[in-house]
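J.: Sending over a structure as C-alpha cells; questions will come in a sec.
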C-alpha cells in the first residue's frame, strides 16, 4: 500500500494549524480545565465559520461535502492544540451516525445545525466498562419512551441531542433524543481531563425517535466506531507529535553541568523511544486513513491497529515528556500535564486499549477465514 495525503489536503492541514495556533493557545485548554467555561465557545464558532464542523456533511445540508481524509488531517491538528471543544463527540460520532443511519427528515433537521455549530451532538452508548452487547444494557424502550442511564457521555452536559443505544425487546436499537426535552437529567462527572467534559445522563420516560434499522444497533455502532477509531488515532497522533516536540525543544534549551541535557544518553534514549512510537503510530494511522477513504474491507483491522498504536504512542510521549522536563515537568505552569491528561482520557474515548486489542484479534481471524 502506497499512501500519502494530497497537496490540497496538506494545504488544509496547514490552514488548520495556523488557525488553531492563533485561536487555541494552551491558555484556552487551561480556561476549561480551571472550570471557568465548559468549552471554548469562540473557538467552536470559529471552527464552524471555517467549515471544519461540516467537512463530511454534504453541501445540500450546509457542509463542505469533502471526505474522511480531510477530517483526518483536521483531527491531527485538533490533537496538537488540545482543542477544548466537543469536536470528536459531535463530528466523529453524532454526525457520522446521522449520515449513515438518519432519515431524510432527521438529516435535514440536524445536519445544517451541526455544520453551523448551532447544535452539538454526542453518542450515549456505554453504561459501564467493557464491550456493549445485546442484553448488556439497562437503558430500554418502554411504550415508546426511554428509561435508564448512560455513563460516561462525552460532552453530554452541553450536547443538544444524543444518539442512544437501548434495548428494544430482545434487540438493541438506536434512538435520536433531544436532550432539552422532558425526562432527561444530566449531571457532570469528574475525569482526568476536565477540558473534555463528560456527564451522566438519566432517562425517565424521555421521548425518542428511532435512528436507522430497528434491532441493528451493534452493526451500526461498530461501523461508526471503526471510522471514529481512525479519527481518534489521528487526534492522538497530533498530541504525541506535539509532546515529542515539547520534549525535544526543552532538551535542546535546558543545560546542566554546562551541557544541553539533550546530549545526555538517558535523554537521547527517551526521545528516540518517543520518536519510534510516534512514527509507528503514523504508519498505522495512514493505513487506517487509506482503508477509511477507500471503504476497504481491511478497515476493521486498520482501524484497530491505528487506535492501538496511537493510544500507546500518545501515552508514552506524554509521560516521557514529563520525564525529559524533570522536576519542572510536574509543575502546573508547564503544559506537560495537559497532554498527559488528554492522552489518558483519549485512551478510553472509544473503549479501553484491551477492548481494541480484542477487536483487532477478532478482525484478523475474520479476515483470515474469509
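J.: For the chain, calculate the relative contact order in percent as a whole number, restricting contacts to Cα pairs under 8 Å that are 6 or more residues apart. Walk me through the intermediate numbers first.
T.: On the way: 684 pairs, mean separation 57.4, N = 370.
16 percent.
J.: Still on this structure, I have one more. Counting only C-alpha contacts under 8 Å and six or more residues apart, can you give the relative contact order of the stretch 7-119 as a whole percent?
T.: Dividing the mean separation by the residue count of the stretch 7-119 yields 33 percent.
J.: Let me ask another. Can you compute the helix-only [θ] at 222 nm over the chain? Use -39500 (n - 2.57) per DSSP H run of at least 4 residues, normalise by all residues, nearest 500 deg cm²/dmol.
T.: -17000 deg cm²/dmol
J.: Taking the chain as the reference, fit the longest principal axis to its C-alpha atoms, fit the long axis of helix 336-346 to the helix C-alpha atoms, and give the angle between the two in degrees, 0 to 90, nearest 10.
T.: It is inclined by approximately 30 degrees.
J.: Which percent, nearest 5, of DSSP beta bridges in the chain are antiparallel?
T.: 85
J.: What translational diffusion coefficient, to the nearest whole µm²/s, does the stretch 76-142 have by Stokes-Einstein, given a Kirkwood radius computed over alpha-carbon pairs, a temperature of 10 °C and 1.306 mPa s viscosity?
T.: Rounded, D is 113 µm²/s.
J.: Please rank 160, 14, fewest neighbouring Cβ atoms within 10 Å first, as an exposure proxy.
T.: The order, fewest Cβ neighbours first, is 14, 160.
J.: Evaluate the stretch 176-254: find the radius of gyration of its Cα atoms, find its Kirkwood radius, and give the ratio Rg to Rh.
T.: Reported Rg/Rh, Kirkwood definition of Rh: 1.17.
J.: Give the Cα extents of the stretch 272-316 along the principal axes, in whole Å, largest first.
T.: 34, 12, 10
J.: Please determine, in degrees from 0 to 90 and to the nearest 10, the orientation of helix 265-294 with respect to the longest principal axis defined by the Cα atoms of the chain, where the helix direction is its Cα long axis.
T.: Approximately 30 degrees, to the nearest 10.
J.: Further question on the same structure: Most fluctuating residue of 66, 97, 111 in a GNM of the chain with Cα springs under 10 Å: which is it?
T.: 66
J.: Between Rg and the Kirkwood Rh of the stretch 1-153, both from Cα atoms, what is the Rg to Rh ratio?
T.: 1.01
J.: Could you list 317, 72 so that the one with the fewest beta carbons within 10 Å of its beta carbon is first and the one with the most is last?
T.: 72, 317
J.: Output needed: percent of Cα pairs per 10 Å distance bin for the stretch 1-88, bins running from 0 to the one holding the longest distance.
T.: Per 10 Å bin, starting at 0, the Cα pair percentages come out as 17, 47, 27, 8, 1.
J.: A follow-up question, please. Using only the alpha-carbon atoms, how far is helix 104-116 inclined from the longest principal axis of the chain? Give it as 0 to 90 degrees, nearest 10.
T.: 30
J.: Can you tell me the relative contact order of the stretch 231-298? Whole percent, Cα pairs under 8 Å, sequence separation 6 or more.
T.: RCO, the stretch 231-298: 31 percent.
J.: To make sure I understand, if each residue's beta carbon is the centre and we count other beta carbons within 10 Å, what order do 192, 308 fall in, fewest to most?
T.: In increasing order of surrounding Cβ atoms, one gets 192, 308.
Just so you know, all these numbers are worked out from the coordinates, no wet-lab data involved. Because the structure is predicted, anything quoted here is derived from the model rather than measured. Cβ sites come from the backbone with ideal geometry, for glycine too, and all protein chains shown count toward neighbours.
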